[in-house]
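Peer 1: One structure, as structure tokens, below. Some questions next.
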Protein chains: 2
Amino acid sequence: MALKFELLKTSGKARRGRIHLPHGVVETPTFMPVGTNANVKLMMPRDLEEIGAQIILSNAFHLYLKPGMEIMKIHGGIHNFINWNKPVLTDSGGFQVFSLRKGRKINEDGVWIKSPLDGSKHFITPELSMEIQNTIGSDIVMAFDYCAEPEISYDEAVYALELTTKWAERSLIRIRELSDQAIFGIVQGAFYYDLRERSAKEITSLDFDGFAIGGLSVGEEYDITLKMTEFTAPLLPENKPRYFMGAGSPKLIVDLVYNGVDIFDSVLPTRVARHGQALTWKGKKNIRAAKFKFDKAPIDENCTCYTCRNFSRSYIRHLFDRGEVLGQMLLTIHNLHFMMDLSKKIRESIENDTFENLRGEVLKYYD
Amino acid sequence: MALKFELLKTSGKARRGRIHLPHGVVETPTFMPVGTNANVKLMMPRDLEEIGAQIILSNAFHLYLKPGMEIMKIHGGIHNFINWNKPVLTDSGGFQVFSLRKGRKINEDGVWIKSPLDGSKHFITPELSMEIQNTIGSDIVMAFDYCAEPEISYDEAVYALELTTKWAERSLIRIRELSDQAIFGIVQGAFYYDLRERSAKEITSLDFDGFAIGGLSVGEEYDITLKMTEFTAPLLPENKPRYFMGAGSPKLIVDLVYNGVDIFDSVLPTRVARHGQALTWKGKKNIRAAKFKFDKAPIDENCTCYTCRNFSRSYIRHLFDRGEVLGQMLLTIHNLHFMMDLSKKIRESIENDTFENLRGEVLKYYD
């Protein structure tokens, strides 16, 4: 198999694990930086390596539109194309069924989605998604699912769940025809406990290499996200990795790890960086604030990232003030370094059975 | 003195030199990357070091507006502020007398210039320019001059020339009161041979550490730029560095070096990079062109820059196609590396008396 998972230690429900993949080892828990368009915005691969990224996420549907599969093929997959030789996970396009739902049409076979680039229509099936992810050559393929919107009714949620299970079966069949790439199933079920339970049962009965909790963090209240995770995570097998799709806030991350989640991703740390927001161990800082004008200290005095080793708040504020993209570049490095540092400290604290303290520390500064 | 110049070798009129400055040695001829707003756009200092930048240029007037001198003072100058420990040359604001001439008012004392940021009016005198450049702590200060527009009449050119000489004297007096920073005088005289001759005579009679040819590359025909340089350069003393202000095209650079110029700067290589244009030893390439869609070769197969060592034309084209700034970052690295490589090859060719061949090679691909 293309994936081997070791559960090294638990501390409460929190898990310290290790995922072996074709392009390397991923120590968990860990955050995965997002590179939707075949790049993590403003980050050169060497910057990603320096901050300690172990695995990055890309997106089948976006890569299918651009650069397109013909280009992906001549490069022999995403690793060569983007010059990143560590693991890559690709989302299946299931999230775009949710995020691009304007003009979407769903039937049992698949989904018509409108390209956000040129309005062209594309019919994505589980089989096509697998073919795309196979061409991309990702280390972890995601099953094609139906990620429903938060305002969904019970009946609609049942429909989405049932489609997700059928598509999971078809995804599994197709990817196994194509390759031995690792593939994760995705549990849906919206915000209904019984549907979450049913989806978890159906999806985990299939021979996936890991499982994702999908359909959360899509606009619902924080408490609901958490309750659904608390309920769903224990329904997943212990001996396989657990992935929460779309979690980037430090608060959510420690709450997920507390509930036994291993990996998570989000554009949040890079997106807020481009707007001047720095993530630190003492909470968020808006680097554009007037109080930083004369501040010679680095963003975070204990941080060891390139940005904090070399530049002051005052300088980075100046760059934002003048609209110089270098400011966004430096904050992106810092924020992703913070996420990897947070991941590392979480791993260490599980090893030392001090995760509760670390979680308390994070929750003090992030709400 | 804060500057020592060695003329190591000549080959025809071309000069191989070495400038010793407080923050390091500059081998000449060399191109200087431009960092107007206290950063070379999209370049981290470590990227600048990697491409081999020896000295960068910044701008007194822009830094005076933002971040302002109070911030520059608390950082102890630009080197600490931007985290660059190699030489910095600052332009005096004289070029802004030209480029911001809308709303400008000139009198013998100085110039009223309107801020391009907020329309506020600032009265810049030679003394103020020196005080700013002293606070910035540049390795090379430029005298405050009157850079006139290309359509200037003879009488206006005489006035600009005379003011430039008076301001040069005042610049020299004021900077010597403040520090022993190296300072260059600037020759003006528009496009009149007799005025160029008169300006060169007046400016070189003053005790400057080097001399610049100013007022060219401001919109005039290429032949005029060249003829004026050909005429002016021999009027400058042999034992001091010669700086042509505002030259970034490979063609102009080899033509300037041919005429005995040592250093030059321009935003061109970084600006065109942001628009997708790559500079190579076989001429310019527009990386957005359809023909590069499936092209797995690097931008320049013989180039050793980070971009060419790691990425294909096809990938960089994709990044531009998707509006991903990483594409601009990678091309900026490549173009500045090319400029430093061109500078290095020029130096080697002067040492080996093969500069004429190199110039011919460059002129074959750049016109």
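Peer 1: Could you tell me how many of the residues in region A:28-51 are in contact with a Leu (Cβ under 9 Å, 6 or more places away or on another chain) and surrounded by fewer than 19 Cβ atoms within 10 Å (Cβ to Cβ)?
Peer 2: Qualifying residue count for the region: 1.
Peer 1: Would a scan of region B:289-296 turn up a residue that is outside the structural domain of B:Val34 (by TED's automatic domain parsing), closer than 23 Å to B:Lys345 by Cβ and of a type outside the set (Phe, Trp, Tyr)?
Peer 2: No: zero hits.
Peer 1: For region A:45-53, indicate whether the set of residues that are within 12 Å of chain B (Cβ to nearest Cβ), farther than 19 Å from A:Ile78 by Cβ and outside any loop (DSSP other than H, G, I, E, B) is non-empty.
Peer 2: Taking every residue of region A:45-53 in turn, at least one turns out to be within 12 Å of chain B (Cβ to nearest Cβ), farther than 19 Å from A:Ile78 by Cβ and outside any loop (DSSP other than H, G, I, E, B).
Peer 1: Among A:Thr135, A:Thr164, A:Thr125, which is over 14 Å from A:Ala60 (Cβ atoms) and polar (S, T, N, Q)?
Peer 2: The conditions single out A:Thr164.
Peer 1: Taking the condition of being of a type outside the set (Gly, Ala, Ser), under 30 Å from A:Glu324 (Cβ atoms) and either part of a helix (DSSP H, G or I) or within 13 Å of the chain's Cα centre (by Cα) (or both), how many residues in region A:220-276 meet it?
Peer 2: Looking only at that region, the number is 9.
Peer 1: Another one. Could you list, in sequence order, the residues of region B:309-344 that are buried (at least 24 other Cβ atoms within 10 Å of the Cβ), more than 9 Å from chain A (Cβ to nearest Cβ) and closer than 27 Å to A:Glu70 by Cα?
Peer 2: B:Ile316, B:Leu331, B:His334
Peer 1: Give me a count of the residues in region A:120-136 that are part of a loop (DSSP other than H, G, I, E, B) and modelled with pLDDT under 95.
Peer 2: 1
Peer 1: Right, next: Are any of the residues in region A:6-13 part of a strand (DSSP E or B), touching a residue at least 12 places away in the same chain (Cβ under 8 Å), out of contact with any Lys or Arg (no Cβ under 8 Å at 6 or more places or on another chain) and surrounded by fewer than 23 Cβ atoms within 10 Å (Cβ to Cβ)?
Peer 2: Among the residues of region A:6-13, at least one is part of a strand (DSSP E or B), touching a residue at least 12 places away in the same chain (Cβ under 8 Å), out of contact with any Lys or Arg (no Cβ under 8 Å at 6 or more places or on another chain) and surrounded by fewer than 23 Cβ atoms within 10 Å (Cβ to Cβ), which makes the answer yes.
Peer 1: If you take the residues in region B:216-231 that are in contact with a helix residue (DSSP H, G or I) (Cβ under 7 Å, 6 or more places away or on another chain) and within 17 Å of B:Tyr146 (Cα to Cα), which one is surrounded by the most Cβ atoms within 10 Å (Cβ to Cβ)?
Peer 2: Restricting to residues being in contact with a helix residue (DSSP H, G or I) (Cβ under 7 Å, 6 or more places away or on another chain) and within 17 Å of B:Tyr146 (Cα to Cα), the top hit is B:Leu216.
Peer 1: Scanning region A:185-215 for residues that are within 16 Å of A:Leu226 (Cα to Cα) and among the β-branched types (Val, Ile, Thr), which turns out farthest from the chain's Cα centre (by Cα)?
Peer 2: Among those that are within 16 Å of A:Leu226 (Cα to Cα) and among the β-branched types (Val, Ile, Thr), it is A:Val187.
Peer 1: Also: Based on what the data block shows, is B:Leu117 among the hydrophobic types (A, V, I, L, M, F, W, C), in the same structural domain as B:Arg46 (by TED's automatic domain parsing) and not in a helix (DSSP H, G or I)?
Peer 2: Judged against the criteria, B:Leu117 is a match.
Peer 1: Looking at B:Thr225, B:Thr232, which is the one that is touching a strand residue (DSSP E or B) at 6+ places or on another chain (Cβ under 6 Å) and among the β-branched types (Val, Ile, Thr)?
Peer 2: On inspection, the qualifying residue turns out to be B:Thr232.
Peer 1: Counting just the residues of region B:54-68 that are in contact (Cβ under 8 Å) with a residue 40 or more places away in the chain and more than 17 Å from the chain's Cα centre (by Cα), which one comes out nearest to the other protein chains (Cβ to nearest Cβ)?
Peer 2: Applying the filter and picking the extreme gives B:Lys66.
Listed here are the residues, each with its yes/no results for (1) touching a strand residue (DSSP E or B) at 6+ places or on another chain (Cβ under 9 Å); (2) hydrophobic (A, V, I, L, M, F, W, C); (3) closer than 23 Å to A:Met245 by Cα.
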position: A:Gly76; (1), (2), (3): no, no, no
position: A:Phe95; (1), (2), (3): yes, yes, yes
position: A:Lys114; (1), (2), (3): yes, no, yes
position: A:Lys121; (1), (2), (3): yes, no, no
position: A:Ala143; (1), (2), (3): yes, yes, yes
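Peer 1: State whether one or more residues within region B:118-125 are within 22 Å of the chain's Cα centre (by Cα), among the aliphatic types (A, V, I, L, M) and surrounded by fewer than 24 Cβ atoms within 10 Å (Cβ to Cβ).
Peer 2: Yes: region B:118-125 contains one or more residues that are within 22 Å of the chain's Cα centre (by Cα), among the aliphatic types (A, V, I, L, M) and surrounded by fewer than 24 Cβ atoms within 10 Å (Cβ to Cβ).
Peer 1: Give the residues of region B:236-257 that are touching a Gly at 6+ places or on another chain (Cβ under 7 Å) and more than 12 Å from B:Ile213 (Cβ to Cβ), sorted by residue number.
Peer 2: Across region B:236-257, the qualifying residue is only B:Lys240.
Peer 1: Among the residues of region B:277-308, write down those that are among the β-branched types (Val, Ile, Thr), crowded, with 17+ Cβ neighbours inside 10 Å and more than 11 Å from chain A (Cβ to nearest Cβ). Walk me through how you get there before you give the answer.
Peer 2: As a first pass, look at region B:277-308 and keep what is among the β-branched types (Val, Ile, Thr): B:280, B:287, B:299, B:304, B:307.
Checking the rest, the ones that are also crowded, with 17+ Cβ neighbours inside 10 Å come to B:280, B:287, B:299, B:307.
Scanning region B:277-308 gives B:Thr280, B:Ile287, B:Ile299.
Peer 1: Determine if region B:148-160 includes at least one residue that is in the same structural domain as B:Leu48 (by TED's automatic domain parsing), among the hydroxyl-bearing types (Ser, Thr, Tyr) and touching a helix residue (DSSP H, G or I) at 6+ places or on another chain (Cβ under 7 Å).
Peer 2: Restricting attention to region B:148-160, the residues satisfying the condition of being in the same structural domain as B:Leu48 (by TED's automatic domain parsing) are B:148-160.
Add one more test, that the residue is among the hydroxyl-bearing types (Ser, Thr, Tyr), and what stays is B:153-154, B:159.
Narrowing further to those that are touching a helix residue (DSSP H, G or I) at 6+ places or on another chain (Cβ under 7 Å): none.
So far as region B:148-160 goes, no, none of its residues is in the same structural domain as B:Leu48 (by TED's automatic domain parsing), among the hydroxyl-bearing types (Ser, Thr, Tyr) and touching a helix residue (DSSP H, G or I) at 6+ places or on another chain (Cβ under 7 Å).
Peer 1: Restricting to strands (runs of 3 or more DSSP E) lying wholly in region B:137-213: which have 1 or more residues that are touching a residue at least 60 places away in the same chain (Cβ under 8 Å) and in contact with a Gly (Cβ under 6 Å, 6 or more places away or on another chain)?
Peer 2: Ranges flagged: B:182-187.
Peer 1: Can you name the number of the only condition in (1) closer than 23 Å to B:Leu42 by Cβ; (2) assigned by TED's automatic domain parsing to the domain that holds B:Arg15; (3) in contact with an Asp or Glu (Cβ under 7 Å, 6 or more places away or on another chain) that B:Leu235 fails?
Peer 2: It fails just one condition, (1).
Peer 1: Something else now. Residues that are under 20 Å from B:Ile82 (Cβ atoms): find the helices (runs of 4 or more DSSP H) completely inside region A:277-367 holding 2 or more of those.
Peer 2: Once the helices (runs of 4 or more DSSP H) in region A:277-367 are filtered for at least 2 residues that are under 20 Å from B:Ile82 (Cβ atoms), what remains is A:306-310, A:313-321, A:325-351.
Peer 1: State which residue is farthest from the other protein chains (Cβ to nearest Cβ) when the search covers only region A:15-44 and only residues that are under 19 Å from A:Leu256 (Cα atoms) and part of a loop (DSSP other than H, G, I, E, B).
Peer 2: Out of the qualifying residues, it is A:Pro29.
Peer 1: Moving on to the next point. Can you tell which of B:Leu358, B:Leu268, B:Leu363 is among the hydrophobic types (A, V, I, L, M, F, W, C), surrounded by fewer than 18 Cβ atoms within 10 Å (Cβ to Cβ) and either touching a residue at least 60 places away in the same chain (Cβ under 8 Å) or within 30 Å of B:Leu8 (Cα to Cα) (or both)?
Peer 2: Residue meeting the stated conditions: B:Leu363.
Peer 1: Within region A:281-296, can you find the residues that are within 26 Å of B:Met72 (Cα to Cα) and either within 17 Å of the chain's Cα centre (by Cα) or of a type outside the set (Gly, Ala, Ser) (or both)?
Peer 2: Those that are within 26 Å of B:Met72 (Cα to Cα) and either within 17 Å of the chain's Cα centre (by Cα) or of a type outside the set (Gly, Ala, Ser) (or both): A:Lys285, A:Asn286, A:Ile287, A:Arg288, A:Lys291, A:Phe292, A:Lys293, A:Phe294, A:Asp295, A:Lys296.
Peer 1: Please determine, by comparing only the residues of region A:69-107 that are at the interface with another protein chain (Cβ under 9 Å from one of its Cβ atoms) and free of Cβ contacts under 8 Å to residues at least 40 places away in the same chain, which one is farthest from A:Glu131 (Cα to Cα).
Peer 2: Result: A:Asn83.
The values are calculated or read from the model by the stated rules, or taken from the named source; none is laboratory data. Note that this is a predicted model, so its numbers are computed, not measured. Positions of Cβ are backbone-derived with ideal geometry, glycine not excepted, and every protein chain shown enters the neighbour counts.
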